[in-house]
1. Within segment 1-32, how many residues turn out to be buried (at least 19 other Cβ atoms within 10 Å of the Cβ) and outside any helix (DSSP H, G or I)?
2. Could you grab me the full set of residues in segment 110-153 that are part of a helix (DSSP H, G or I) and among the polar types (S, T, N, Q)?
3. Give segment 42-62 a look and list any residue that's part of a loop (DSSP other than H, G, I, E, B), surrounded by fewer than 14 Cβ atoms within 10 Å (Cβ to Cβ) and without any contact (Cβ under 8 Å) to a residue 40 or more places away in the chain, or say none.
Amino acid sequence: MQKTVVLIKPDGLQRGLVGEIMHRFERKGLKLIGLKMVTMTDEMLDNWYSHHKEKDFFKELKKFMTWTPVVAMLWEGVEAIAAVRKVVGITKSREAEAGSVRGDFGMSGTQNIIHASDSLESAEKELGLIFNGDEIYDYKSDMDKLIYSEEEA
Ligand code: CMP
């Protein structure tokens, strides 16, 4: 099973999309193993978005991400990183596929409602930046029997 980090960004929180977004991941069959609100700091964002540090939108991105707290979630599932990114949609919301979170609720490429880890490496890094060990829940859900075949699980 893979773990992947999702953030509902300040626009998603203020627009009241938290429940809708969580509902989509639950219905997809992903398992919620961590959940908290976090005020991102300058230091966290420098690390989180280190690959964007030289980009001209970096300052704007940091201002946006510190507008309000974010809602951080940790979801688990088979190949969860790719599955979650499909639910999220591509970066520029106005071009994102209808049916995805960004495609259904957004127009902006910056204020794009949600963030999801894009690789195993970034999932591990982001998990470490947001969640303490005791905030990650390991529990058995009987739902797995309904979601996956025995072989997949
Ligand atoms: P996210 O998936 O969190 O990854 C990096 C973020 O940078 C992205 O979502 C957007 O919020 C933001 N971003 C990406 N490209 C641009 C851009 N061209 N201009 C402004 N912000 C951007």
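The values are calculated or read from the model by the stated rules, or taken from the named source; none is laboratory data. What you are looking at is a predicted structure, and each value in this text was computed from that prediction instead of being measured. Note that each Cβ is placed from the backbone with ideal geometry, even for glycine, and that neighbours are counted across all protein chains shown. For the accessible areas, the whole protein counts, side chains as well, though only heavy atoms, and no ligand, DNA or RNA atoms are used. Shrake-Rupley method; radii C 1.70, N 1.55, O 1.52, S 1.80 Å.
1. Looking only at that region, the number is 10.
2. Ser122
3. If the condition is that a residue be part of a loop (DSSP other than H, G, I, E, B), surrounded by fewer than 14 Cβ atoms within 10 Å (Cβ to Cβ) and without any contact (Cβ under 8 Å) to a residue 40 or more places away in the chain, then Lys53, Glu54, Lys55, Asp56 are the ones that fit.
Per-residue answers, yes or no, for (1) within 13 Å of the ligand (Cβ to nearest atom); (2) modelled with pLDDT of 95 or more; (3) open to solvent by 20 Å² or more (accessible area, probe 1.4 Å):
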{"residue": "Trp67", "(1), (2), (3)": "yes, yes, yes"}
{"residue": "Ala98", "(1), (2), (3)": "no, yes, yes"}
{"residue": "Gly106", "(1), (2), (3)": "yes, yes, no"}
{"residue": "Glu121", "(1), (2), (3)": "no, yes, yes"}
{"residue": "Asn132", "(1), (2), (3)": "no, yes, yes"}
{"residue": "Glu135", "(1), (2), (3)": "no, yes, yes"}
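So that you can scan it fast, the table gives a plain yes or no per residue for (1) free of Cβ contacts under 8 Å to residues at least 40 places away in the same chain; (2) in contact with an Asp or Glu (Cβ under 7 Å, 6 or more places away or on another chain):
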position	(1), (2)
Phe64	no, no
Gly77	no, no
Ala82	yes, no
Val87	no, no
Lys92	yes, no
Ala96	yes, no
Val101	no, no
Thr110	no, yes
Ile113	no, yes
